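Where a number appears in this text, it was derived from the coordinates with a stated rule and is not lab data. Just so it is clear, the structure is predicted and the values come from calculations on it, not from any experiment. Reconstructed Cβ throughout: ideal geometry from the backbone, glycine too, with neighbour counts over all protein chains shown.
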Amino acid sequence: MRAALPSDEAAWRELWKGYCDFYHAQVGPEVTDRTWKRILDPDSQIMCVVAEVEGQVYGFANCVVHENTWETQPVCYLEDLFVRPAARGRGIGSALLEWLRNAMRAEGWARLYWVTHGDNATARRLYDRFATADGFVRYVIRQR
């Protein structure tokens, strides 16, 4: 597990496409380009951790570290977690979450949190090993 590097761009973009396809998300190339630039920008609140095995990137965790109104320390929102389908079941998702949990302790984040679709049973089996779902329901207003 390590921070994404400029040399990871092709692998990240391939995984990002797989992630967006999984969620049937239409993300324009300008958003993808901007996301990658923010990942590499040391002044950005967005970070990416990649899972590399024998020189190949098999998964990523895109996160946003931000201030909040409920604690004095920043928190980390795990926005996107994706593991290459052929590599699932090998502990890569767990390793990414464990890396983030360790980073939470080391960086002094008050908490690490994320959301997933209620019917994403595979992801929820993994997530349930790390935390208990808190019962919140998400509402979204989009600018059209």
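Let me know the shape class of the range 1-69, please: from the alpha-carbon gyration tensor, a ≥ b ≥ c as square roots of the eigenvalues, rounded when a/c is under 1.5, otherwise prolate if a/b is greater than b/c, or oblate.
oblate
Once you put a point 7 Å from the Cα of HIS24 and another 7 Å from the Cα of ARG105, both along the Cβ direction, what distance in nm separates them?
Roughly 4.1 nm, to one decimal.
Figure the gain on full extension for THR72 and ARG144 (residue separation times 0.36 nm, minus the Cα-Cα span) and round it to one decimal in nm.
Roughly 22.5 nm would be gained on extension.
Cα centroid distance between the range 20-53 and the range 90-142, in Å?
Answer, in whole Å: 18.
If I model a spin label as a point 7 Å beyond the Cα along the Cα-Cβ vector, how far apart are those points for VAL115 and ASP128 in nm?
If labels sit at VAL115 and ASP128, their model points lie 2.1 nm apart.
Neighbour counts of other C-beta atoms within 10 Å: give me HIS117, HIS24 arranged from fewest to most.
Neighbour counts put them in this order, fewest first: HIS24, HIS117.
Give me ARG138, ARG125, ARG111, ARG84 ranked fewest to most by other Cβ atoms within 10 Å of their Cβ, as a rough exposure proxy.
Sorted ascending by nearby Cβ count, the order is ARG138, ARG125, ARG111, ARG84.
Evaluate the range 2-128: find the radius of gyration of its Cα atoms, find its Kirkwood radius, and give the ratio Rg to Rh.
0.94
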